[in-house]
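Working notes, beginning with the structure itself.
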Amino acid sequence: MFARKGSTLFTGSMTALLATAACGILGLAGDGVCQSTPVEFSFGLVVYCQNDFSEDECAEWNTEGVNAADWVFHSGQTSQDRGLEQGSNDWP
């Protein structure tokens, strides 16, 4: 009749685990970096880099032409892995 405390804890833990997995499968969890191609300004080239993006989010930025750039997704990486800072960066 009454749920055992351990059983309730297990059920809650499993629910949280399944929700986290579903977010990853559905592309809702940030699992990579979205990096722009260099954009030319009067003062030089700038490249943008955004951490914790899903591939779908990056594709959306590319479709929308955010910052007048083409965007490329790099799974499992961060801006730092690519030698960049989060946000805008001067391009050498």
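With 10 Å bins from zero, work out the P(r) of the range 29-90 over every alpha carbon pair and list the percent per bin.
26, 55, 17, 1
Would you pull out the residues with amide H under 5 Å of Ser54's amide H, same chain only if 5 or more places away, H placed 1.01 Å from N?
Those qualifying (amide H under 5 Å, at least 5 residues apart or on another chain) are Asp31.
A short reminder: the numbers here are calculations on the coordinates, not readings from a lab. Here the structure is a predicted model, which is why all the values come from computation and not from measurement.
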